Amino acid sequence: MNLLTFRTEEDLNRAGAGLIASLLRINPRAVLGLATGSTPIGIYAELVKLYESGSLSFAKARSYNLDEYVGLSGSHPASYRCFMNTHLFNRVDIDPANTHVPNGLAVDLEQECAYYDAMIEDDRIDLQLLGLGHNGHIGFNEPDDELIPGTHAATLQQRTIEANARFFESEDDVPKQAITMGVAGIMKARQIMLVVRGESKARIAEQALTGPITTQCPASLLQLHPNLVVLMDEAAGAWAK
């Protein structure tokens, strides 16, 4: 595990984008595992800058997103497909056919999850970008007595719904389920980059990265990954000094 703490958000964003950019320059056909929410926005903005400067291309890259809300179409403004189009896909030269986000409108959710797992199995992710939930969730793998290893439809816990309500008109509009890559799929990535921001995440970051490995804190399983890099701002990483 490589823990890195940054003095400014700009430094953290540039470092995160730099890791992804370095991978793409070494391997233009790299497979990226991507995340949504507020955590990666600054990193995506830095990647767009690199693309616009002519120093980075996504033309041969492929991507798989962690999750999508059940019941939302890709055109819904709160969907994760829309998020990715807005913050990255529509702003760089990646082929839309090479970008994969679970289908939240799938009639058969089990079949959709099996299909997504099969793609990830065939197309191993080189670098998986992750944020960290206040309750220790990664993707939408919520704390529980046991975790489902593969992609599945997860029921969101109330704290997760409350945290995501800012992206909707009201808390009542937040979907109660999401298709999420399972922990086993996440752990198969060759490298994982966990990004943690803010004082409110400091306690759970310390618990996840130094505490016991338990399904009650899904992010703690990341301690078992052989190539984990953690990027934190000073507020989130004060405990690590």
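The values are calculated or read from the model by the stated rules, or taken from the named source; none is laboratory data. Only a predicted model underlies this, so the values are computations on that prediction, with no experimental measurement involved. Don't worry about glycine lacking a Cβ; one is built from the backbone with ideal geometry, like all the others, and counts go over all protein chains shown. Surface areas here come from the heavy atoms of the whole protein model, side chains and all, with no ligands, DNA or RNA. Shrake-Rupley method; radii C 1.70, N 1.55, O 1.52, S 1.80 Å.
Any residue that is hydrophobic (A, V, I, L, M, F, W, C), surrounded by fewer than 18 Cβ atoms within 10 Å (Cβ to Cβ), under 19 Å from Asp126 (Cα atoms) and in contact with a helix residue (DSSP H, G or I) (Cβ under 9 Å, 6 or more places away or on another chain) - is there at least one of those in region 3-12? There is no residue in region 3-12 that is hydrophobic (A, V, I, L, M, F, W, C), surrounded by fewer than 18 Cβ atoms within 10 Å (Cβ to Cβ), under 19 Å from Asp126 (Cα atoms) and in contact with a helix residue (DSSP H, G or I) (Cβ under 9 Å, 6 or more places away or on another chain).
Do we have Ala189 as part of a loop (DSSP other than H, G, I, E, B), in contact (Cβ under 8 Å) with a residue 12 or more places away in the chain and closer than 21 Å to Tyr44 by Cβ here?
Details: part of a loop (DSSP other than H, G, I, E, B): yes; in contact (Cβ under 8 Å) with a residue 12 or more places away in the chain: yes; closer than 21 Å to Tyr44 by Cβ: yes.
Spelling it out, Ala189 is indeed part of a loop (DSSP other than H, G, I, E, B), in contact (Cβ under 8 Å) with a residue 12 or more places away in the chain and closer than 21 Å to Tyr44 by Cβ.
Counting residues in region 163-175 that are out of contact with any His (no Cβ under 8 Å at 6 or more places or on another chain), open to solvent by less than 10 Å² (accessible area, probe 1.4 Å) and in a strand (DSSP E or B) gives zero.
Within region 45-60, the set of residues being open to solvent by less than 40 Å² (accessible area, probe 1.4 Å) and touching a helix residue (DSSP H, G or I) at 6+ places or on another chain (Cβ under 6 Å) comprises Glu46, Leu47, Val48, Leu56.
Highlighted here are the strands (runs of 3 or more DSSP E) found entirely within region 1-104 that include at least 3 residues which are within 30 Å of Glu142 (Cβ to Cβ) and of a type outside the set (S, T, N, Q): 2-6, 31-34, 67-69.
Taking (1) touching a Pro at 6+ places or on another chain (Cβ under 9 Å); (2) open to solvent by 70 Å² or more (accessible area, probe 1.4 Å); (3) not polar (S, T, N, Q) in turn, Ile148 satisfies each apart from (1). Identify the residue in region 106-160 that is without any contact (Cβ under 8 Å) to a residue 60 or more places away in the chain and assigned to a loop (DSSP other than H, G, I, E, B) and, among all such residues, is farthest from Gly211 (Cα to Cα). Per the stated criteria, the residue is Val107. In summary, Ala78 fulfils each of the numbered conditions (1) surrounded by fewer than 16 Cβ atoms within 10 Å (Cβ to Cβ); (2) in contact with a strand residue (DSSP E or B) (Cβ under 8 Å, 6 or more places away or on another chain); (3) over 18 Å from Arg166 (Cα atoms); (4) not polar (S, T, N, Q) with the single exception of condition (3). Taking (1) free of Cβ contacts under 8 Å to residues at least 12 places away in the same chain; (2) within 20 Å of Arg197 (Cβ to Cβ) in turn, Thr36 satisfies each apart from (1).
Looking only at residues that are farther than 17 Å from Ile186 by Cβ and among the charged types (D, E, K, R) in region 87-137, which one is surrounded by the fewest Cβ atoms within 10 Å (Cβ to Cβ)? The residue in question is Asp108.
Give me the pairs: first residue in region 211-235 and free of Cβ contacts under 8 Å to residues at least 60 places away in the same chain and assigned to a strand (DSSP E or B), second residue surrounded by 14 or more Cβ atoms within 10 Å (Cβ to Cβ) and of a type in the set (Gly, Ala, Ser), beta-carbon distance under 6 Å, and six or more apart or on different chains, which are they? Filtered contacts from region 211-235: Thr214/Ser220.
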